[in-house]
Amino acid sequence: MSSFLHQRPIQNPFSNAYPVSPRSSSTSQRPISIFSPTGLIILLSLMVILGVFVPWSGMPVATFSNSKKASSSLSKWRDYTLAEAASFVAKNGTLIVCAVSQPYLPFLNNWLISITRQKHQEKVLVIAEDYATLYKVNEKWPGHAVLVPPAIDSQTAHKFGSQGFFNFTSRRPQHLLKILELGYNVMYNDVDMVWLRDPFPYLEGNHDVYFTDDMAAWIVVVKRMERMERRLNLVLNLIVAPLPQTLGCYILEILLPLLLYRKVASCYFSLVDQVKALNHSHDLPPPGKKGRTYICSCMIFLRPKDGAKLVMKKWIEELQAQPWSKAKKANDQPAFNWALNKTAGLVDLYLLPQAAFPTGGLYFKNQTWVQQTKGMHVIIHNNYIIGFEKKIKRFQDYGLWLVDDHALDSPLGRL
């Protein structure tokens with residue numbers, strides 16, 4: 001084969017097969033057949049050139065093009081403002097807002113499925129607290145996520161009681177105030193909630209701020225029981241201290257359970273009192289022993305009125321006055337309650353019905369009440385429990401974890 005190549009020059013396949021000046025060889029006057037040895041070699045050479053050099057020469061261009069496109073998309077969402085996002089998402093002047101960091105994405109999807117069933121998903125604006133969440137949501141659902149700088153550390157923001165969690169939740173009134181100043185009604189939800197019915201018909205009247213009571217009856221009872229036990233122990237120890245040890249122990253073993261039994265009965269009636277009547281008042285409840293109410297900061301509806309803006313500004317002030325510390329692991333809820341209590345005479349407030357918007361401490365702990373109010377529940381809050389796995393397990397036990405079987409119902413699909 002090699003001697004053949006040296007003895008016989010190869011005709012240029014792109015030149016004229018019949019040149020004006022005739023060759024001395026008679027074979028050069030004929031076109032090269034594709035089935036001839038020379039034709040096959042030329043074809044093979046062309047295939048090698050196309051197969052090897054063209055992909056390599058094209059790869060940097062394609063890679064650069066894709067990289068440029070991805071970079072442009074990321075830059076677009078990084079520069080996306082709250083005003084732009086609100087304008088794009090709002091329907092009839094109303095937004096449904098949540099604040100989410102990356103670890104909460106499964107809960108976001110679960111919450112969105114329940115909202116989609118009530119046909120309000122197009123109003124949802126996700127305030128992403130980290131860039132991973134911003135890019136993921138907008139990749140799946142363009143325009144429905146925005147990040148208000150600075151981004152936070154998503155790995156610490158989900159640990160209840162941590163400084164990261166405080167930093168995460170304390171930004172809430174700032175986001176809501178900005179939305180109010182843009183002129184929108186806004187409903188805020190934590191994403192560990194599930195909608196069973198449409199909540200908007202329950203927003204009666206034209207009040208400034210709507211909210212739910214987070215005081216769970218069973219929590220009241222448990223705390224009272226703990227205080228009673230400590231006090232009884234203290235008193236009985238003082239009584240039996242002068243007595244012989246055997247007699248003192250006997251008295252403690254007999255008297256303490258008997259006294260606690262009487263207190264349990266008293267607490268039972270307190271429990272009944274803590275469950276609100278179906279036609280309960282919609283006024284701000286009276287303050288507790290700490291001088292403030294126990295309103296939930298996780299489900300709020302605000303109208304763009306001066307009263308709502310005043311509450312948000314006061315909430316921000318209270319958070320600044322009560323920063324997080326290792327000794328006092330604060331969260332945003334006490335500050336929200338102080339803000340409500342200190343502005344109550346200046347703002348039109350509305351307490352939503354307990355039967356429709358129960359706290360997790362009531363819904364998941366008092367099955368008698370759940371049966372008595374069956375069909376009235378609107379939004380269920382999975383609070384009074386700490387930990388992702390525990391929250392998911394509880395939702396699963398009550399048939400409220402929708403992601404596993406209905407992920408495609410979410411605007412985000414499967415994550």
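Does G361 qualify as being under 23 Å from the mean Cα position of the chain (by Cα) and among the small types (G, A, S)? I'd like the intermediate steps shown before the answer.
Working: under 23 Å from the mean Cα position of the chain (by Cα): yes; among the small types (G, A, S): yes.
Yes, satisfied.
Quick check: is even one residue across segment 185-194 of a type outside the set (F, W, Y), in contact with a strand residue (DSSP E or B) (Cβ under 9 Å, 6 or more places away or on another chain) and either more than 17 Å from H381 (Cβ to Cβ) or modelled with pLDDT under 95 (or both)? Steps first, please.
Initially, segment 185-194 is screened for residues of a type outside the set (F, W, Y), giving 185-187, 189-194.
Retained after the next criterion (residues that are in contact with a strand residue (DSSP E or B) (Cβ under 9 Å, 6 or more places away or on another chain)): 185-187, 189-194.
Those still in the list that are either more than 17 Å from H381 (Cβ to Cβ) or modelled with pLDDT under 95 (or both) too: 185-186.
Yes: one or more hits.
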Report task. Might you check whether a residue that is within 21 Å of the chain's Cα centre (by Cα), more than 17 Å from T116 (Cα to Cα) and among the hydroxyl-bearing types (S, T, Y) occurs anywhere in segment 385-402? Result -> yes
Query raised in the report: Counting only residues that are modelled with pLDDT under 70 and not polar (S, T, N, Q), which one in segment 66-80 is nearest to K136 (Cα to Cα)?
Result: A70
Query raised in the report: Consider G413 against the criteria (1) part of a helix (DSSP H, G or I); (2) surrounded by fewer than 20 Cβ atoms within 10 Å (Cβ to Cβ); (3) of a type in the set (G, A, S): it satisfies all of them except one. Which criterion is unmet?
Result: (1)
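Residue-by-condition table, conditions (1) in contact with a helix residue (DSSP H, G or I) (Cβ under 8 Å, 6 or more places away or on another chain); (2) at pLDDT below 95; (3) not small (G, A, S):
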{"site": "L340", "(1), (2), (3)": "yes, no, yes"}
{"site": "I379", "(1), (2), (3)": "no, no, yes"}
{"site": "G387", "(1), (2), (3)": "no, yes, no"}
{"site": "V403", "(1), (2), (3)": "yes, no, yes"}
Query raised in the report: For P353, are the conditions met, namely being modelled with pLDDT of 95 or more and more than 22 Å from T169 (Cβ to Cβ)?
Result: yes
Query raised in the report: Given (1) over 26 Å from D404 (Cβ atoms); (2) in contact with a helix residue (DSSP H, G or I) (Cβ under 9 Å, 6 or more places away or on another chain); (3) surrounded by 15 or more Cβ atoms within 10 Å (Cβ to Cβ), where does A128 come up short, assuming only one miss?
Result: (1)
Query raised in the report: Residues in segment 281-308 that are under 28 Å from W111 (Cα atoms) and either buried (at least 18 other Cβ atoms within 10 Å of the Cβ) or modelled with pLDDT under 95 (or both): how many?
Result: 13
Requested in this report: Taking the options R394, R414, name whichever one is over 20 Å from R172 (Cα atoms), outside the structural domain of M193 (by TED's automatic domain parsing) and basic (K, R).
Outcome: R414
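Filter segment 361-393 for residues that are of a type in the set (S, T, N, Q) and either under 24 Å from Q102 (Cβ atoms) or exposed (fewer than 13 other Cβ atoms within 10 Å of the Cβ) (or both) and give the result.
The first filter runs over segment 361-393 and keeps only residues of a type in the set (S, T, N, Q), leaving 366-368, 371-373, 382-383.
Selection gives Q367, T368, Q371, Q372, N382, N383.
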Report summary line: Here the residues within segment 337-381 that are assigned to a helix (DSSP H, G or I) and either more than 20 Å from L278 (Cβ to Cβ) or touching a residue at least 60 places away in the same chain (Cβ under 8 Å) (or both) are N337, W338, A339, L340, N341, K342, T343, G360, G361, L362, W369
Query raised in the report: Which of the residues spanning segment 172-201 are under 30 Å from Q396 (Cα atoms) and part of a loop (DSSP other than H, G, I, E, B)?
Result: D190, V191, D192, L196, R197, D198, P199
Report task. Could you please let me know if L408 is at pLDDT 95 or above, closer than 20 Å to D213 by Cα and in a helix (DSSP H, G or I)? Result -> no
**Report entry** Qualifying residue in segment 96-105 (condition: aliphatic (A, V, I, L, M), surrounded by fewer than 18 Cβ atoms within 10 Å (Cβ to Cβ), under 27 Å from N382 (Cα atoms) and touching a Leu at 6+ places or on another chain (Cβ under 6 Å))
**Finding:** no
Requested in this report: Could you please find all residues in segment 88-137 being of a type in the set (S, T, Y) and part of a helix (DSSP H, G or I)?
Outcome: Y104, S114, T116, Y131, T133, Y135
Query raised in the report: When you look at A151, is it of a type in the set (G, A, S), more than 28 Å from Y350 (Cα to Cα) and modelled with pLDDT of 95 or more, yes or no?
Result: no
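The values are calculated or read from the model by the stated rules, or taken from the named source; none is laboratory data. Since the structure is predicted, the reported quantities are computational estimates derived from the model, not experimental observations. Virtual Cβ from ideal backbone geometry, glycine too; neighbours counted across all protein chains shown.
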